[in-house]
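Student: My questions will all concern the structure given below.
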Amino acid sequence: MRDLFATDLFEAAPQDISLGPGAMWLAGFARGETESLLQDVAEIARAAPFRHLVTPGGWTMSVAMTNCGALGWVSDRSGYRYDPRDPGSGHSWPAMPSSFLDLAQRAAARAGFADFAPDACLINRYVPGARLTLHQDRNERGLAAPIVSVSLGLPATFLWGGLTRADKTRRLRLVHGDVVVWGGPARMTFHGVDTLRDGDHPMTGAIRYNLTFRQAG
Ligand code: MD3
Ligand code: FE
């Protein structure tokens with residue numbers, strides 16, 4: 001009886017906020033794990049340093065990126081793609097820590113996506129002034145799988161539009177420990193991150209990290 005009641009509370013948690021079909025905001029879902037997540041990010045960055053990639057159009061991105069897992073998202077003058085190697089070093093990306101995989105799978109399951117098997121985790125690093133312009137994520141092979149996003153450090157304003165670039169955007173404040181799961185009908189939504197504002201986070205200083213887990217291959 002008590003277990004049933006606990007389960008009901010868990011599933012109806014007020015911090016699980018539906019953003020519409022296929023999109024679920026799990027506010028604070030990773031709050032208890034942020035210290036170890038940040039340690040893992042630091043270790044990954046020692047093996048595969050953050051870099052400012054160049055877009056196919058020749059612009060250097062204000063967001064710095066690295067990856068872990070079998071595949072990593074990269075960009076250069078020839079286009080966007082998933083690559084099993086870090087172009088900066090020629091080496092494979094660091095393995096995805098089991099703590100990352102476990103968190104991503106728990107979040108996906110909670111949002112209704114069973115059997116999420118991410119093979120790529122893109123790690124974005126924002127400093128004040130950095131932003132990510134409106135885009136769709138369309139380089140992944142399996143568009144049936146969701147994307148799971150974990151925010152760490154300084155808060156950011158996430159821009160969430162519609163299925164065309166011209167659609168009106170909603171603004172969501174994502175904070176340290178928030179997780180968002182996007183799949184199904186929300187998977188091809190245009191989205192971006194507004195210019196990061198200055199701040200000082202107790203665990204990251206003037207930095208925001210975002211982890212996105214993808215089933216890319
Ligand atoms: C909605 N990163 O790396 S994560 C990206 O905060 C990216 O760094 C942002 O967009 C960040 O591509 C936002 C949230 C996110 C990721 C993928 C989505 C939202 C999405 C795909 C479809 C719809
Ligand atoms: Fe994206």
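Student: Taking K and R as +1 and D and E as -1, what net charge do the other residues with C-beta under 11 Å from the C-beta of residue 55 add up to?
Tutor: So the surrounding residues net to 0.
Student: While we're looking at this one, here's another question. I want the local charge near residue 44. Using Cβ-Cβ distances under 12 Å, sum +1 for each Lys or Arg and -1 for each Asp or Glu among the other residues.
Tutor: Working: positive: 46, 125; negative: 40, 43, 86.
Here the count lands on -1.
Student: Between residue 54 and residue 102, what FRET efficiency follows from the Cβ-Cβ distance if R0 is 35 Å, with the result rounded to 0.05? Show your work: numbers first, answer last.
Tutor: Numbers: r = 34 Å, r/R0 = 0.96.
The computed FRET efficiency comes out at 0.55.
Student: Something else now. Give the calculated FRET efficiency between residue 172 and residue 80 to the nearest 0.05, with a Förster radius of 25 Å applied to their Cβ-Cβ distance.
Tutor: Details: r = 24 Å, r/R0 = 0.98.
Efficiency, rounded to the nearest 0.05: 0.55.
Student: Which cross-chain or sequence-distant (5 or more) residues have an amide H under 5 Å from the amide H of residue 176, H modelled 1.01 Å from N in plane?
Tutor: Amide H neighbours of residue 176: 153.
Student: Please give the contour-minus-distance gain from residue 163 to residue 17: 0.36 nm per residue of separation, less the Cα-Cα distance, rounded to one decimal in nm.
Tutor: Working: separation 146, 0.36 × 146 = 52.56 nm, distance 2.06 nm.
Computed gain between residue 163 and residue 17 is 50.5 nm.
Student: Using each residue's phi in the range 202-217, evaluate 6.51 cos²θ - 1.76 cosθ + 1.60 at θ = phi - 60° and report the 3J(HN,Hα) Karplus result to the nearest Hz, with x for Gly and Pro.
Tutor: Residue by residue, the range 202-217 yields x, 9, 10, x, 9, 9, 10, 10, 9, 9, 10, 9, 9, 9, 9, x Hz.
Student: Mind checking which of 122, 164, 149 is farthest towards the positive end of the range 15-214's charge dipole, using Cβ charges of +1 (Lys, Arg) and -1 (Asp, Glu) about the Cα centre?
Tutor: 164
Student: If you stretched the chain out fully between residue 188 and residue 31, how much longer would it get, using 0.36 nm times the residue separation minus the C-alpha to C-alpha distance?
Tutor: Result: 53.8 nm gained on full extension.
Student: For the range 44-52, in order, what is each residue's ³J(HN,Hα) by Karplus, 6.51 cos²θ - 1.76 cosθ + 1.60 with θ = phi - 60°, in whole Hz (x at glycine and Pro)?
Tutor: Karplus values, whole Hz, x for Gly and Pro: 4, 5, 5, 7, 9, x, 4, 9, 8.
Student: Long-range amide H contacts for residue 119: which residues qualify at under 5 Å (H placed 1.01 Å from N, peptide plane, sequence gap of 5 or more or a different chain)?
Tutor: Residues meeting the criterion, in which the H sits 1.01 Å from N, are 214, 215, 216, 217.
Student: With a ≥ b ≥ c the root eigenvalues of the C-alpha gyration tensor of the chain, is it rounded (a/c under 1.5), prolate (a/b larger than b/c) or oblate? Don't skip to the end; give the middle numbers.
Tutor: Numbers: a/c = 1.42, a/b = 1.34, b/c = 1.06.
Cα axes put the chain in the rounded bin.
Student: Okay, next question. To the nearest 0.05, how large is the calculated FRET efficiency for residue 203 and residue 47 if R₀ is 25 Å and r is the Cβ-Cβ distance? If you can, show how the numbers build up before the last one.
Tutor: Values: r = 21 Å, r/R0 = 0.85.
After rounding to 0.05, the efficiency reads 0.70.
Student: OK, next. Return the whole-Å distance between the Cα centroid of the range 115-144 and the Cα centroid of the range 22-46.
Tutor: Between the Cα centres of the range 115-144 and the range 22-46 lies a distance of 15 Å.
Student: For the range 86-217, what does the relative contact order come out to in percent, with C-alpha contacts under 8 Å and a separation of six or more? Display every interim value, and only then the final one.
Tutor: Numbers: 276 pairs, mean separation 48.1, N = 132.
The value is 36 percent.
Student: Return the long-range amide H neighbours of residue 167 (sequence gap of 5 or more, or a different chain), with a cut-off of under 5 Å between placed amide H atoms.
Tutor: The answer is 162.
Values in this text are rule-based calculations from the coordinates and carry no lab data. All figures in this text were calculated on a predicted structure; none of them were measured in a lab. Glycine gets a Cβ as well: all are built from the backbone with ideal geometry, and neighbour counts include every protein chain shown.
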